[in-house]
Amino acid sequence: MSAQGSAENWASSYDCNMVPTSKNMIWGGRSVQENTYSNCSNSQRVRFLNVQGAGHSTNFGSNVDLFDLSWECFRSVDAENYEEYMVGMTLSDVDKHQFIVNAQRFQDICLENFAGLKNPLWNIFQTGEWPIYFHIESWDGPVTAAAVVQMRSDYQKIANQWVDGIQTYDARFDRNVEVKLFGFVFNEGVTVDQSFNNAYGAYPTVLNFSGTTERSPWEIRFRDGGQIFNQNWYSIDDFQKLVVVGNDGDNESANFSPADWSSFEHPEGIDMFLTKFWHKTSWDAVAQRQYLKLGGNVTNYALGYTRYSVFAHEMGHNRGMLHDLAGKHGGQGCPCDKTGFMSYGTAPNVWSTCSRADFLALYNEVIASNQWNWCLDGKLISQLF
């Protein structure tokens with residue numbers, strides 16, 4: 001029996017409507033036709049996907065995980081597991097299905113990847129502040145005060161656009177973001193001009209640094225107990241548990257200011273950072289909870305102008321967003337692809353439906369699942385769409 005004949009046989013066995021609904025998708029470089037047989041007995045569904053020209057290959061491109069998609073198909077029919085969460089809600093079958101999809105994505109994106117981890121949103125809610133430091137691996141010309149001011153301003157502007165969006169879902173988030181500067185790290189060959197020295201000479205600064213990893217050049221300890229933090233940023237739930245106490249002795253070739261932290265008072269009254277704001281002249285745009293890298297995206301080095309859409313895209317990753325064409329969104333060619341900041345290539349400067357889903361899922365999980373006394377009503381997950 002052919003694959004299509006097998007699908008039709010299952011559909012007939014479940015008394016489905018034998019005229020399937022069809023939609024076309026793109027997986028990597030392959031065209032895919034999905035036929036769904038619905039209105040079956042016992043709420044079953046039969047889906048038949050034809051990946052054209054694939055033969056026996058399961059490699060459809062780096063953005064497509066066939067096994068993930070297969071598991072999603074099996075799990076998505078398990079609607080009864082979610083019925084208790086929809087009691088008292090007036091929802092159409094379409095809305096119910098969307099609720100279930102969102103709940104599953106909530107579990108995938110958050111519970112498996114972010115459970116227990118506080119991203120910068122938590123500190124912003126508590127203090128209104130987002131402390132960062134600049135790490136510049138390479139730069140065109142000397143670093144100027146004007147460039148720092150401009151990039152800090154853009155960082156704060158984009159962060160506040162996020163906060164404005166949160167208020168749609170939770171009016172208690174009633175504050176603006178103030179980006180605080182912890183300090184500066186400059187790799188070998190990067191210079192600064194006098195305007196920088198005049199404006200930021202009192203900040204922690206490291207010159208002739210050689211590191212190109214996520215590790216900072218400062219000694220960091222836990223506030224409680226004083227143990228040294230090994231700078232594995234993926235192993236700690238809350239960066240507020242940490243404090244910078246001095247300079248890392250492993251960086252012998254670097255020049256540190258201050259050399260002695262025993263009497264140092266920070267110009268902005270902070271003693272720790274949440275995010276490394278990372279730059280280099282070659283293209284390298286990527287972000288995690290603990291860093292935002294904009295390599296190759298400064299358009300004017302003297303004045304600090306950056307590509308706004310790339311900046312916003314990478315900050316989205318700080319907040320838990322996946323790419324619009326991520327496999328959990330449907331892959332390349334899905335409805336969210338090319339519709340917002342988290343897409344590749346030309347796309348509108350807005351947040352797509354998928355980005356808002358990612359963000360709301362993270363927002364709910366980070367706050368609600370850890371009982372941090374600040375959460376959304378979970379029913380808003382379905383209403384967002």
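Only the coordinates and a few stated rules stand behind these numbers; no lab work does. Since the model is a prediction, treat every value here as computed from it, not as a measurement. Virtual Cβ from ideal backbone geometry, glycine too; neighbours counted across all protein chains shown.
What to note about this one:
- In the stretch 171-240, GluC sites (Glu not before Pro) in a DSSP loop with at most 15 other beta-carbon atoms within 10 Å: Glu188
- Three principal axis lengths of the stretch 114-243 [C-alpha, angstrom, descending]: 45, 35, 23
- Every Cα-Cα pair of the stretch 1-70 was included, and the share exceeding 14 Å stands at 61 percent.
- Relative contact order (%) - criterion: Cα under 8 Å, at least six apart; region: the stretch 120-320: 27 percent
- When +1 charges are put on Lys and Arg Cβ atoms and -1 charges on Asp and Glu Cβ atoms, the dipole computed for the stretch 146-270 relative to its Cα centre reaches about 240 debye.
- FRET efficiency estimate (nearest 0.05) - Cβ-Cβ, Phe264 to Gln288, R0 30 angstrom: 0.60
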